[in-house]
Amino acid sequence: MKMRIDLKNIKQYKKNLEDIKKDFPRYLGKMAVAEGNKFVREAVRITDDEKIYASKTYERSFHSDDTAQISNGKVTVGIGNYANYSGYIEKGFRSHFVPGYWRGRVFVYDPTSKKGMIVGSYTIKETRCKNGRMFKRAVPTGTVRGKWVFKRACEKIKLTQKERYWRKINDFIKRYSQRGI
């Protein structure tokens with residue numbers, strides 16, 4: 001492809017280059033925000049498909065920043081999950097006892113309760129009391145594996161990210177080249 005620059009249009013060519021230089025960082029910021037939104041959609045899709053939720057709060061807590069930060073030639077946008085227990089769902093945890101009680105189908109956390117539930121795997125341990133009766137209790141054992149939703153959503157997006165970026169950058173350049181160089 002040959003590009004022909006007419007000397008009459010050199011001022012327009014220079015103006016287009018200046019406009020590109022000025023607008024490109026803002027455009028990269030928009031691209032980063034779009035990638036953050038794509039992450040949120042992918043994380044919610046994984047959560048829905050695999051039915052991963054302690055509550056709907058986990059799914060609704062995935063977020064992406066509305067604006068990108070540009071510094072030192074890097075464009076970044078914050079992504080994450082606001083749920084305070086999201087790290088445990090992501091990376092897993094040791095089985096443990098959670099104090100509280102059931103109200104219908106909802107478990108209510110109550111740190112002062114003597115009753116509760118074991119989250120994760122457990123074994124039944126039998127102990128003989130002094131009076132000769134057998135006493136059974138559940139003992140937490142093992143770990144609950146992490147679901148790695150955040151990590152998998154990021155990996156899925158990265159698979160096609162380069163192609164999306166080049167397509168958007170080419171569209172950006174075409175828009176300026178149509179101004180009449």
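Quick note: the coordinates plus some simple rules give every number you see, no bench work behind them. Predicted model only: the values in this text are computed from it and were never measured. Here the Cβ is made from the backbone with ideal geometry for all residues, glycine too, and neighbour counts use every protein chain on show.
By the rule of a C-alpha distance below 18 Å, with chain neighbours fewer than 8 residues away ignored, the aspartates and glutamates paired with Lys156 are Glu35, Glu42, Asp48, Asp49, Glu50, Glu59, Glu90. Rounded to 0.05, the FRET efficiency of the Asp65 and Phe135 pair, given R0 = 45 Å and the Cβ-Cβ distance, is 0.25.
Once the Cα atoms are used to define both axes, helix 149-177 deviates from the longest principal axis of the chain by about 10 degrees. Look at (i) 1.73; (ii) 1.02; (iii) 1.19: the one that is Cα Rg over 2.2 N^0.38 Å derived from this structure is (i).
From the alpha carbon centroid of region 42-91 to that of region 99-133 is 32 Å.
Length gained on full extension, Met117 to Thr143: 7.8 nm, using 0.36 nm per residue less the C-alpha separation. In the chain, Cα pairs under 8 Å separated by at least six residues give a relative contact order of 23 percent.
For region 96-141, the relative contact order comes to 33 percent (Cα pairs under 8 Å, sequence separation of at least 6). Ellipticity at 222 nm from helices only: DSSP H runs of n ≥ 4 in the chain, each -39500 (n - 2.57), divided by the residue count, give -15000 deg cm²/dmol.
Specify the residue with the greatest mean-square fluctuation among Tyr13, Tyr109, Tyr88, computed from a Gaussian network of the chain linking alpha-carbon atoms under 10 Å apart. Ranking Tyr13, Tyr109, Tyr88 by mean-square fluctuation puts Tyr109 first.
Against the chain, whose longest principal axis is taken from its Cα atoms, helix 10-49 shows a tilt of about 20°.
With unit charges on the beta carbons (Lys and Arg positive, Asp and Glu negative) and the dipole taken about the Cα centre of the chain, which residue among Tyr101, Ile52, Val139 sits farthest to the positive side? The residue sitting farthest along the positive end of the dipole is Val139. From the square roots a ≥ b ≥ c of the eigenvalues of the alpha-carbon gyration tensor of region 80-149, which class results: rounded (a/c under 1.5), prolate (a/b over b/c), or oblate? Oblate shape, in that a/c is at least 1.5 and b/c is the bigger or equal ratio. Excluding the sites themselves, what is the longest stretch of the chain that contains no trypsin sites (Lys or Arg not before Pro) in a DSSP loop with at most 16 other C-beta atoms within 10 Å? For trypsin sites (Lys or Arg not before Pro) (loop position, at most 16 other Cβ atoms within 10 Å), the longest site-free span of the chain is 52-104.
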